[in-house]
Amino acid sequence: MPQPKQKPYLTYALDADGKLIHVDCVSTGLACKCFCPHCKSELVAKNGGSRKVHHFAHANGSDCVGAIESALHKMAKDILQEHKCLMLPPVLQNGIETQKTFEKVEIEIFDKELCLRPDCIAYTERDQFTWVEFKRSHEVDVKKAGKIISARVDCVEIDLNSCELDPTKVRSYIESSCEGRKWIYNHESPQTSLICNKNSNAQYHNFDDEYYFEQRMSRHIAVDEQNTIVSLYNLDEIDTNKHSYFCIACGKEVYIDVDDWGNYSFLHLDGNTPCEDDFYLHEAAKKVLYGRFNTQQNFDVYIPQIHLCEKGNQCSFFNEIDCSIAIPIPYNLKAHGYDLCEIEYKFPNKLFSYDAVLKRGDDLKTAIVIIIDADTCHIEHENLKNRAIEVIVRCENDIFKLHEEPLHEGIARFYNFESRDIKTISFEKVDRKILKFTLFSSGKYYLGEENCISIKKRSAVYEMIISNGYGNYKAMKQYAVLHCYNQKRVLCLCEICYYLKSVDGFYNHENICIRYKTKGTPRNPLEIMPIKCPYFSLNRSIEAILEKECRDMKFTENDLTSNNG
């Protein structure tokens, strides 16, 4: 059975000069003339016996909870000031720690401009400086961290919670350990990279031995008191000395958090339950689009317009779905008269409101509906009479795209924007893929996707171009071979031979001829593709299966023997 952890004792206190002194270096009892590092009350030194650990106790009998923490905090500051050496954490992720020796270290110097008092300020020979904050039970105050970041002051935080109240161990931890330290701000550190999906910061909770998976997205967008949108990817927009910041979705106050790798994100203040990720994305997207429309001279959208292949029905393979491409056409909606953007807009006689509506004055017929799809709601475009743009947001990176890019097919879907004029485009640009079976003069063949205008292979004698009704490549290949067999063409018939069997090999499945031992046929005939095999026997089961599977297949065939000279 594990022994209970021994309660730590206060072995250091402040002497009459305010310096830390060990309990064995003072007189016993009240004669020690020492004071609590935390509450500054008078202490007694219990250092006369041999049965218990020598320690200080409060003369009034109180139990001061923060005494040991305060002693440790002062010890760390004194050690850094005396020895001027510190192990700094990496500036970059996957970087290396650096042991730094400073020219001088000052303790608790008040900064009048920021109204802050750092634990230590460490100066280099060139008078550059770094703030050092020693963390005890609580990390750097959230307001303090925001001010440091806004002021661009290099500041490192060192966690002392794992340290014992021992000057030798504390010094070793400060100067040599890589643990428990992070940058609050460092001018050499790049701003954090964009988060690309919602699962980038997942948390696990254990309830009754069952794990519950909670998604929580890092958030880098907020608004200030004037509802101006700011981003942590542009620290020039952030100034916590002048502004408070609020969640762009729920409006509750947020602060700048710094993780163990020095990355920034906005977190709700203690007691404020964070809003759901989907709600955050939905509201952020809506407000970013609203802000863009009202602050920028242009509001560009790239609307996809369908262009059909110029050959049209002249080509035997033509159909409007496969033989067309959508080309994005740029439109500046403001140049087309759209001058109003209203959020949460409700059309007359409608029961619900849309996320946003772009209007030409009071004209509702030409109004463009904007709906935000944050994976919680989807547009029923069949019921829409107006033109509509469905904006897709799945992660915070999508929000930044909305801020920086015009609306286009990669981040939005467009409904009811069809042009009345039929537009065409050259067949080279359509790049339609077709499934083609090609038989060569050697009797070998190939089945694969090719461009519909690809040049015929020089040694090809026959082509079967499959335009519809295929899904099983193996069945298509067998059907094409069977079709050529019925036309009495010369080719390798092993695909439809009764003696070709699929067996489990050492690494994978093999297609082997089961007569290779007795008749000397190739063991793996599909690799060699022999022709005119005297032992060929049509597999009637395959023939029956192909007639059923390929009954809906449509194809065009070309006999190329007359063109080969």
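The values are calculated or read from the model by the stated rules, or taken from the named source; none is laboratory data. No experiment lies behind these values; they were computed from the predicted model shown. FYI the Cβ positions are ideal-geometry reconstructions off the backbone, even for glycines, and counts take in every protein chain you see.
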Next on the checklist: Of everything in segment 435-449, what is surrounded by fewer than 18 Cβ atoms within 10 Å (Cβ to Cβ) and within 46 Å of the chain's Cα centre (by Cα)? Give them in sequence order.
Outcome noted: TYR446, GLY448, GLU449
Checklist outcome for this item: Scanning segment 64-81 residue by residue, those over 11 Å from LEU10 (Cα atoms) and of a type in the set (D, E, K, R) turn out to be LYS74, LYS77, ASP78
Next on the checklist: I'd like to verify a number: residues in segment 396-414 that are modelled with pLDDT under 90 and touching a helix residue (DSSP H, G or I) at 6+ places or on another chain (Cβ under 6 Å), how many?
Outcome noted: 1
Checklist entry - Which is assigned by TED's automatic domain parsing to the domain that holds GLU390 and in contact with a Phe, Trp or Tyr (Cβ under 7 Å, 6 or more places away or on another chain), of ASN332, ASN349, ASN319, ASN313? => result ASN332
Checklist entry - Regarding ILE303, is this residue β-branched (Val, Ile, Thr) and farther than 30 Å from MET464 by Cα? => result yes
Checklist entry - What about GLN99, is it surrounded by fewer than 17 Cβ atoms within 10 Å (Cβ to Cβ) and either modelled with pLDDT of 90 or more or on the phi > 0 side of the Ramachandran plot (or both)? => result yes
Checklist entry - Quick one: in segment 472-512, which of the residues that are in contact (Cβ under 8 Å) with a residue 60 or more places away in the chain and either touching a helix residue (DSSP H, G or I) at 6+ places or on another chain (Cβ under 6 Å) or of a type in the set (Ser, Thr, Tyr) (or both) is surrounded by the most Cβ atoms within 10 Å (Cβ to Cβ)? => result TYR479
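Quick grid of which residues meet (1) farther than 30 Å from GLU449 by Cα; (2) within 34 Å of the chain's Cα centre (by Cα):
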site	(1), (2)
CYS315	no, no
PHE318	no, no
ILE325	no, yes
LEU340	yes, yes
ALA356	yes, yes
ILE370	yes, yes
ASP373	yes, yes
Checklist entry - Which residues, counting only those in segment 520-553, are among the charged types (D, E, K, R), closer than 18 Å to ALA480 by Cα and surrounded by 12 or more Cβ atoms within 10 Å (Cβ to Cβ)? => result GLU543, GLU549
Next on the checklist: Go through (1) out of contact with any helix residue (DSSP H, G or I) (no Cβ under 8 Å at 6 or more places or on another chain); (2) part of a strand (DSSP E or B) for LEU43 and report which single condition fails.
Outcome noted: (1)
Item to check | Residues satisfying the stated conditions in segment 81-96, i.e. surrounded by 13 or more Cβ atoms within 10 Å (Cβ to Cβ) and at positive phi | outcome: LYS84
Checklist entry - For segment 215-255, which strands (runs of 3 or more DSSP E) that fit wholly inside it have 1 or more residues that are within 20 Å of the chain's Cα centre (by Cα) and either among the acidic types (Asp, Glu) or closer than 20 Å to ALA151 by Cβ (or both)? => result 221-223, 229-231
Checklist outcome for this item: Within segment 74-123, of all residues that are of a type in the set (A, V, I, L, M) and part of a loop (DSSP other than H, G, I, E, B), the one nearest to the chain's Cα centre (by Cα) is LEU92
Next on the checklist: Take the residues in segment 265-299 that are among the hydroxyl-bearing types (Ser, Thr, Tyr) and not in a helix (DSSP H, G or I); name whichever of them is surrounded by the fewest Cβ atoms within 10 Å (Cβ to Cβ).
Outcome noted: THR273
Item to check | Complete set of residues in segment 434-467 that are free of Cβ contacts under 8 Å to residues at least 40 places away in the same chain and in contact with a strand residue (DSSP E or B) (Cβ under 9 Å, 6 or more places away or on another chain) | outcome: LYS436, THR438, PHE440, TYR446, LEU447, GLY448, GLU449, GLU450, ASN451, SER454, LYS457
